[in-house]
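Q: This structure is in structure tokens; I'll ask about it shortly.
Values in this text are rule-based calculations from the coordinates and carry no lab data. Predicted model only: the values in this text are computed from it and were never measured. Cβ sites come from the backbone with ideal geometry, for glycine too, and all protein chains shown count toward neighbours.
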Amino acid sequence: MTELTETRLSETLAHMRATAPLVQNITNFVAMNIQANVMLAAGASPAMVHSSAEAAEFAGIAQALSINIGTADPAWSGAMEAAATASVAGGKPWVLDPVAVGATGFRRTLGARLLALRPSVIRGNASEVLALAGQLRAGRGADAADSVAEAEAAATRLALQAGCTVAVTGPVDFVTDGHRAARIRNGHPMMPRVTALGCALTGLVAAFTVDQDPFRATLGALAYYGLAGEVAGRSAEGPGSFQVAFLDALHALGPNDLTAGARIEEIPA
Amino acid sequence: MTELTETRLSETLAHMRATAPLVQNITNFVAMNIQANVMLAAGASPAMVHSSAEAAEFAGIAQALSINIGTADPAWSGAMEAAATASVAGGKPWVLDPVAVGATGFRRTLGARLLALRPSVIRGNASEVLALAGQLRAGRGADAADSVAEAEAAATRLALQAGCTVAVTGPVDFVTDGHRAARIRNGHPMMPRVTALGCALTGLVAAFTVDQDPFRATLGALAYYGLAGEVAGRSAEGPGSFQVAFLDALHALGPNDLTAGARIEEIPA
Amino acid sequence: MTELTETRLSETLAHMRATAPLVQNITNFVAMNIQANVMLAAGASPAMVHSSAEAAEFAGIAQALSINIGTADPAWSGAMEAAATASVAGGKPWVLDPVAVGATGFRRTLGARLLALRPSVIRGNASEVLALAGQLRAGRGADAADSVAEAEAAATRLALQAGCTVAVTGPVDFVTDGHRAARIRNGHPMMPRVTALGCALTGLVAAFTVDQDPFRATLGALAYYGLAGEVAGRSAEGPGSFQVAFLDALHALGPNDLTAGARIEEIPA
């Protein structure tokens, strides 16, 4: 547990807050507002900049980039590729969210093109990670028809092949960089009943990766996010009040709360 | 009342929840997030897929489709028509929301083209239904300048001509398929003070129509929606807390609540 | 204080509510939903209409226009210019929100083109007003890296050159038309932790300017908005509950509350 003590994970939150990194997000229309609110509540500085007229230029200003293909179209694909290329050229981290990547031919092609641009982290549900790893399944929008457990082997293979950290989120999260791996048992069953909370998490992971080890930063972001879900779940009466309490919890929770509440299980190599 | 007992209406909610249908939504940018949240809270599975690169292909995966012209533009019009055509070819229901259809020439033309693609249900306010039925009025955005009562005759004519169910929503809702008709007296005056709740209802109607009689399914969706508004109105202190309580109520209400609370008035043929 | 007594400011709210003006908004994707909800809660009638197929035509119907460049792209730029031109031709007010105008070349060019179309009011943070006034700084997305005090001189110069009212918002707001000036000390530190509240305010300013003196209308809108923030801050436990309480407060506050709570400091010419 040298790598992943709860104290070391909580340091990733403290570092993100102290940095308040400017993160460029090219995300889907459903997620834009809640993703910005999640990132602001957590202490990051989000900017939604996706036009091909400026996406690559802005990637030179931002400290990290997140790309989400949820409502991508051909006009946006070019901006996504240009921004990712600029981020890599600038030595900055970028995070890929392959929403429903197995559902249509357009998404499969776009997912493969973005994967080739070497994201630092990929965050998806089990079906998306399986699809991206080459085991295409029938997609059902952004739902996860496959379990996280089924996706663990595919995630490890994807992490090794793509040279990145892969996070499979669900009732239990699984994170690996191909050499190290861990499961996170924080979270609440109401989270998938609020749209785009997974997308918003991807933006938050990008904020955590600024000047931090991507594997550990991803674990920190996921444990913090799940813990905020647990706190929200205690007072929520449904998905409406859950979303409100979740944003409040992201704002209220600090590194000490994360040290006390993170439920990480390191998996021996 | 054989058709429309409250018990039979409540069965439409039970059926939708048991099916958790995957519904493709091509909707406007204002509505996307709240429409997804409304549908998730109610128990459906929404996917916002509108790019011309994949809209028709995705219509082959989804179980129903909703199309809303609120922020349509020429690039989206083609995707709307292709998706509607694919839905009809696949024998699946699709629902049209003709937002502010009378306001501009672009909307009038697009509305007529979509109407020709034979929606299963049209849901709009009185002004929109009047405009779509050919009685063009001066549009005022998404507001309803005309009363539901004025639109009842137009709705019946439109239902007969287009061979579909037409729902006119307002303080009292009116639903007809040209042969059967009913009014629904559920709802709350705060509902029009939260943006896009009408749009979100259109997505929910699409979810209800999967494998159900469109006329009865529409009535069930509207009564359930209005009842959730009544529940939310009891605790809300303004439009912000109303939206939160409304999502909670959509999640909490079940078929038995609908049996007890639906206020349907069947109109003799 | 003849111009700016709290009573006269509160009349701007009363007038806006009585008019319930139809305001066309060409705004960014992050802001669309919350901007519509803010305007509905306050008593205005928002319509989000931005397609080049109808933006200028709709400007002929609407009573005011707001333009926000937060997620503009080349396809939208033309619609923005056409709608602004139509508004000016129709003698109607329009309000410019130059989001992150200094951040990229595309934004600088677009900002200059829109400025030439003679907005009635410009509302931005200190960095944006400085950038638009020609003192370009490194942009950090929508954040304000510069203080309002630093921007006061630039705002006055911009107001005189562009012949409009300029509002610089921040912990203390500054409003000037080049001849008159005032500071507003209403507001709450949680406001920048909720995304797009500044954007939403721009739409509200547009509603206030209908048939009212732009300088006084802008002051009224800003004092009312800040006061709603203060009310929300009393009960909020974080940015989630703040947003909910803020919408409730916008709906609940009336002219008398504004008379009692506005904190305006007129600056001698």
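Q: Looking at A:Val205, A:Val194, which one is crowded, with 23+ Cβ neighbours inside 10 Å, under 25 Å from C:Thr195 (Cβ atoms), touching a residue at least 12 places away in the same chain (Cβ under 8 Å) and more than 14 Å from chain C (Cβ to nearest Cβ)?
A: Going through A:Val205, A:Val194 in turn, just one is crowded, with 23+ Cβ neighbours inside 10 Å, under 25 Å from C:Thr195 (Cβ atoms), touching a residue at least 12 places away in the same chain (Cβ under 8 Å) and more than 14 Å from chain C (Cβ to nearest Cβ): A:Val205.
Q: Any chance you could count how many residues in the range C:72-97 are in a loop (DSSP other than H, G, I, E, B) and buried (at least 21 other Cβ atoms within 10 Å of the Cβ)?
A: Adding up the residues that qualify gives 3.
Q: Within the range B:1-37, track down each residue that is out of contact with any Gly (no Cβ under 9 Å at 6 or more places or on another chain), assigned to a helix (DSSP H, G or I), under 26 Å from B:Pro192 (Cβ atoms) and touching a residue at least 24 places away in the same chain (Cβ under 8 Å).
A: B:Ile34
Q: Taking C:Arg17 as the residue in question, decide whether it is of a type in the set (Lys, Arg) and either closer than 30 Å to B:Pro189 by Cβ or touching an Asp or Glu at 6+ places or on another chain (Cβ under 6 Å) (or both).
A: yes
Q: So, one more: Identify the single condition in (1) within 14 Å of chain B (Cβ to nearest Cβ); (2) under 22 Å from C:Asp248 (Cβ atoms) that C:Leu13 does not satisfy, given that it satisfies every other one.
A: Failed condition: (1).
Q: Select from the range C:39-68 the residues that are of a type in the set (Val, Ile, Thr) and over 19 Å from C:Val121 (Cα atoms) and list them in ascending order.
A: Result: C:Val49, C:Ile61.
Q: Working only within the range A:98-107, note down all residues that are within 10 Å of chain B (Cβ to nearest Cβ) and either surrounded by fewer than 24 Cβ atoms within 10 Å (Cβ to Cβ) or in a helix (DSSP H, G or I) (or both).
A: Across the range A:98-107, the qualifying residues are A:Thr104, A:Gly105, A:Phe106, A:Arg107.
Q: Quick check on my filter: what residues within the range C:208-217 are in contact with a helix residue (DSSP H, G or I) (Cβ under 8 Å, 6 or more places away or on another chain), part of a helix (DSSP H, G or I) and surrounded by 24 or more Cβ atoms within 10 Å (Cβ to Cβ)?
A: Those that are in contact with a helix residue (DSSP H, G or I) (Cβ under 8 Å, 6 or more places away or on another chain), part of a helix (DSSP H, G or I) and surrounded by 24 or more Cβ atoms within 10 Å (Cβ to Cβ): C:Phe208, C:Ala217.
Q: Moving on. With C:Gly233, C:Gly240, C:Gly261, C:Gly220 as the choices, which residue is touching a Leu at 6+ places or on another chain (Cβ under 9 Å) and surrounded by fewer than 23 Cβ atoms within 10 Å (Cβ to Cβ)?
A: Result of the check over C:Gly233, C:Gly240, C:Gly261, C:Gly220: C:Gly261.
Condition check ((1) under 17 Å from B:Val172 (Cα atoms); (2) away from chain C (no Cβ under 14 Å)) across all residues:
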| residue | (1), (2) |
| --- | --- |
| B:Ala217 | no, yes |
| B:Ala221 | yes, yes |
| B:Gly229 | yes, yes |
| B:Ala236 | no, no |
| B:Pro239 | no, no |
| B:Phe242 | no, no |
| B:His251 | no, yes |
| B:Arg263 | yes, yes |
| B:Glu266 | yes, yes |
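Q: Given (1) over 15 Å from the mean Cα position of the chain (by Cα); (2) outside any helix (DSSP H, G or I), identify the lone condition not met by C:Gly111.
A: In the conditions (1) over 15 Å from the mean Cα position of the chain (by Cα); (2) outside any helix (DSSP H, G or I), C:Gly111 misses (2) alone.
Q: Mind counting the residues in the range B:42-71 that are away from every other protein chain (no Cβ under 12 Å) and either surrounded by fewer than 19 Cβ atoms within 10 Å (Cβ to Cβ) or touching a Phe, Trp or Tyr at 6+ places or on another chain (Cβ under 8 Å) (or both)?
A: Within the range B:42-71, residues that are away from every other protein chain (no Cβ under 12 Å) and either surrounded by fewer than 19 Cβ atoms within 10 Å (Cβ to Cβ) or touching a Phe, Trp or Tyr at 6+ places or on another chain (Cβ under 8 Å) (or both) number 4.
Q: Among the residues in the range A:176-187, are any in a helix (DSSP H, G or I) and either crowded, with 24+ Cβ neighbours inside 10 Å or charged (D, E, K, R) (or both)?
A: For the range A:176-187, residues in a helix (DSSP H, G or I) and either crowded, with 24+ Cβ neighbours inside 10 Å or charged (D, E, K, R) (or both): absent.
Q: Scan (1) in a loop (DSSP other than H, G, I, E, B); (2) within 14 Å of chain C (Cβ to nearest Cβ) for the single condition B:Pro119 breaks and write down its number.
A: So B:Pro119 meets the others, but not (2).
Q: Among the residues of the range C:38-52, how many are touching a helix residue (DSSP H, G or I) at 6+ places or on another chain (Cβ under 6 Å) and either assigned to a helix (DSSP H, G or I) or within 19 Å of C:Leu114 (Cα to Cα) (or both)?
A: 9
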